[in-house]
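Undergrad: Mind looking over this structure? Questions follow.
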Amino acid sequence: MSIGIVGAGISGLHLALRLQQFGVDTTLYTPQRPEDIRDGPPLNFVTRFHSTREREKALGVTHWTSGEFDNPSMHMYLEGSGGLSFQSRLPHPASSVDFRMYLAALLEEYQARGGGVEPRETTGRSDLADLAGNHDLVVVAAGRGALTGTFPRDPARSPYDTARRRLAGGLFHGVLPADPVGMTMHMVPGAGEIHAPTYHTFGGQVTVVLVEAVPGGPFESVTGRDHRDDPDGFAGHILRLVGDHAPTLRERIDEQEFALVRPVDMLQGAVVPTVRHGWAKVGDDRFALAVGDAWIANDPLTAQGANLGSAQAFLLAEALRTAAGPYDERFCRTVSERMWADAQPVVDWTNMFIGDPPPQVTALFAAAAADQRVADAFVENLDRPHEMWHSVRTPENTEEFISGARLVRSGT
């Protein structure tokens, strides 16, 4: 068996490393060298939960197991009149490491273990057809660029056709860690969200400040402003937004020290939440299968994208390990539906949270703010998307979740 993998994000690299462990011949196609990844701008600000960290252990990728890389707590704020807040420790610490460091290290690990890497830019269906002639199956894990056109949008699974948030975020000096150390999210109805996780980057520990702006809302002004034109003015603009809408975060910021770590450490853009068709025919009896962002693009609000991409990679690797072939349309359809069963709760949960919040979400936040048992149960479910989606899917489910958290955690 020979598998071609296009893209060196977490899905592509976890798949390549896992198949390598299984003794499967793989070739990774990416135009980026490790040094290119390290030197480039951030494409995301990822928090890896315990389940993903356990998969990393299975892969033998244990570069960031020290507690200095951990985010053990989650702080949630629902801002506005009568604002609500709660915090809880995760059952197992999450990890927030600059993804440029992470991906470059995994690519080097794959090569050090004998993995083949072709420095090739793959731009469309004809390129995939060429690759397919060299492999039993091509897996596309590159979620940006022309390749996504190979996998049409699935309207039945994609309720939004425009971005629900515009993004502006970077790595900043001058922000004290939360107490206790961890991730913070400030939800501002009608405006968007401000994330501020502790983050480990090339120079050590800093803080990400990521603004997710509702189009047309008061946060949007920062998402279209070029930070390179006036770095001090840009930082001041973010500082004013934080002061107006997230006062608890503002208390952690030293105005004199607040600045981007480096000009390159800034991300701006938008994500249109999309589920694409999971496979495509790219040649005579040859198919390409999509995973990760090439298949599902989630808004980063729920911090699930990379974690889902890792989970998909392991599911696909297991399917390839146990399948005898052929890797035809039937195989692609079967494995894609199997992965969708795992992915759907993440997609539905994220799409709910970036829409107009239903009443059960506000009720859940109010219960968590009033009762630490509910807060603990909610935070625990950040790494359990199936349980999280079940807990918020309907008002009745939320009532059941709240009651169950109070009973179970009281020992009754």
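The values are calculated or read from the model by the stated rules, or taken from the named source; none is laboratory data. Since the model is a prediction, treat every value here as computed from it, not as a measurement. Ideal geometry is used to build each Cβ from the backbone, glycine not excepted, and the neighbour counts take in all protein chains shown.
Undergrad: What are the residue pairs meeting all of these: first residue in segment 175-186, first residue within 17 Å of residue 47 (Cα to Cα), second residue basic (Lys, Arg) and outside any strand (DSSP E or B), Cβ atoms under 8 Å, and 6 or more apart or on different chains?
TA: From segment 175-186, the pairs are 177/252; 178/252.
Undergrad: Any residue in segment 121-128 that is surrounded by 22 or more Cβ atoms within 10 Å (Cβ to Cβ) and under 29 Å from residue 351 (Cα atoms)?
TA: Looking through segment 121-128, none of the residues is surrounded by 22 or more Cβ atoms within 10 Å (Cβ to Cβ) and under 29 Å from residue 351 (Cα atoms).
Undergrad: Pick from segment 249-277 the residues that are assigned to a loop (DSSP other than H, G, I, E, B) and among the aliphatic types (A, V, I, L, M): which of them is nearest to the chain's Cα centre (by Cα)?
TA: My answer is 271.
Undergrad: Looking at segment 77-94, which of the residues that are in contact with a Ser or Thr (Cβ under 8 Å, 6 or more places away or on another chain) and at pLDDT 95 or above is surrounded by the fewest Cβ atoms within 10 Å (Cβ to Cβ)?
TA: Out of the qualifying residues, it is 89.
Undergrad: Checking the conditions here, which among 350, 362, 394, 398 is over 30 Å from residue 3 (Cα atoms) and at pLDDT below 95?
TA: From the options 350, 362, 394, 398, the qualifying one is 362.
Undergrad: Now a separate question. Does segment 134-151 include one or more residues that are in contact with a Ser or Thr (Cβ under 6 Å, 6 or more places away or on another chain) and basic (Lys, Arg)?
TA: no
Undergrad: I've got another one for you. When you look at residue 306, is it in a helix (DSSP H, G or I), of a type in the set (Gly, Ala, Ser), buried (at least 24 other Cβ atoms within 10 Å of the Cβ) and under 27 Å from the mean Cα position of the chain (by Cα), yes or no?
TA: Values: in a helix (DSSP H, G or I): yes; of a type in the set (Gly, Ala, Ser): yes; buried (at least 24 other Cβ atoms within 10 Å of the Cβ): yes; under 27 Å from the mean Cα position of the chain (by Cα): yes.
Spelling it out, residue 306 is indeed in a helix (DSSP H, G or I), of a type in the set (Gly, Ala, Ser), buried (at least 24 other Cβ atoms within 10 Å of the Cβ) and under 27 Å from the mean Cα position of the chain (by Cα).
Undergrad: Residues that are touching a strand residue (DSSP E or B) at 6+ places or on another chain (Cβ under 9 Å): list the helices (runs of 4 or more DSSP H) wholly contained in segment 1-104 that include at least 2 such residues.
TA: Helices (runs of 4 or more DSSP H) meeting the threshold: 10-21, 50-59.
Undergrad: When residues of segment 98-108 are filtered for being out of contact with any Ser or Thr (no Cβ under 6 Å at 6 or more places or on another chain) and surrounded by 19 or more Cβ atoms within 10 Å (Cβ to Cβ), how many remain?
TA: The qualifying residues number 7.
Undergrad: Give the residue that is nearest to residue 220 (Cα to Cα), with candidates limited to residues of segment 128-143 that are in contact with a helix residue (DSSP H, G or I) (Cβ under 7 Å, 6 or more places away or on another chain) and either among the aromatic types (Phe, Trp, Tyr) or assigned to a strand (DSSP E or B) (or both).
TA: Selected residue: 140.
Undergrad: So is residue 180 more than 30 Å from residue 22 (Cα to Cα) and either among the acidic types (Asp, Glu) or surrounded by 14 or more Cβ atoms within 10 Å (Cβ to Cβ) (or both) or not?
TA: no
Undergrad: If I filter segment 225-243 for residues that are surrounded by 16 or more Cβ atoms within 10 Å (Cβ to Cβ) and within 30 Å of residue 124 (Cβ to Cβ), do I get at least one hit?
TA: The answer is no, given that none of the residues of segment 225-243 is surrounded by 16 or more Cβ atoms within 10 Å (Cβ to Cβ) and within 30 Å of residue 124 (Cβ to Cβ).
Undergrad: Sticking with this structure for a sec: I'm checking my understanding of the structure. Among residues of segment 105-127 that are part of a helix (DSSP H, G or I) and among the acidic types (Asp, Glu), which one is nearest to residue 313 (Cα to Cα)?
TA: Only one residue tops the list, namely 109.
Undergrad: Residues that are out of contact with any His (no Cβ under 6 Å at 6 or more places or on another chain) and of a type in the set (A, V, I, L, M, F, W, C): find the strands (runs of 3 or more DSSP E) completely inside segment 183-225 holding 3 or more of those.
TA: Those strands (runs of 3 or more DSSP E) span 204-213.
Undergrad: Does segment 45-76 hold any residues that are surrounded by fewer than 20 Cβ atoms within 10 Å (Cβ to Cβ), in contact (Cβ under 8 Å) with a residue 40 or more places away in the chain and of a type in the set (Ser, Thr, Tyr), and which are they?
TA: Selection gives 51 alone.
Undergrad: Looking only at segment 278-303, filter to residues that are of a type in the set (D, E, K, R) and in a strand (DSSP E or B); which one of those is surrounded by the most Cβ atoms within 10 Å (Cβ to Cβ)?
TA: In this case the residue turns out to be 286.
Undergrad: Any residue in segment 347-366 that's free of Cβ contacts under 8 Å to residues at least 40 places away in the same chain and crowded, with 16+ Cβ neighbours inside 10 Å: show its pairings with residues that are part of a helix (DSSP H, G or I) and among the polar types (S, T, N, Q) at Cβ separation under 6 Å, as long as the two are six or more apart or on different chains.
TA: Close Cβ pairs satisfying both conditions: 360/398; 364/398.
Undergrad: On the basis of being more than 19 Å from the chain's Cα centre (by Cα), among the basic types (Lys, Arg) and under 21 Å from residue 300 (Cβ atoms), does residue 153 make the cut?
TA: Considered against the rule, which asks whether it is more than 19 Å from the chain's Cα centre (by Cα), among the basic types (Lys, Arg) and under 21 Å from residue 300 (Cβ atoms), residue 153 comes out as yes.
Undergrad: Go through the residues of segment 212-228 one by one and say whether even a single one is within 30 Å of residue 128 (Cα to Cα) and either of a type in the set (A, V, I, L, M, F, W, C) or under 20 Å from the mean Cα position of the chain (by Cα) (or both).
TA: no
Undergrad: State which residue is surrounded by the most Cβ atoms within 10 Å (Cβ to Cβ) when the search covers only segment 144-171 and only residues that are at pLDDT 95 or above and assigned to a helix (DSSP H, G or I).
TA: 157
Undergrad: Here's another thing I want to ask about it. Restricting attention to segment 263-277, and to residues there that are closer than 20 Å to residue 96 by Cα and aliphatic (A, V, I, L, M), which single residue is surrounded by the most Cβ atoms within 10 Å (Cβ to Cβ)? Write out each step before concluding.
TA: So the first thing to find is which residues in segment 263-277 are closer than 20 Å to residue 96 by Cα, and the list is 264-268.
Imposing the further condition that a residue be aliphatic (A, V, I, L, M) reduces the set to 264, 266-267.
Values: 264: 14, 266: 20, 267: 17.
Out of the qualifying residues, it is 266.
Undergrad: Looking at this structure, is residue 374 under 18 Å from residue 11 (Cβ atoms), in a helix (DSSP H, G or I) and of a type in the set (Val, Ile, Thr)?
TA: no
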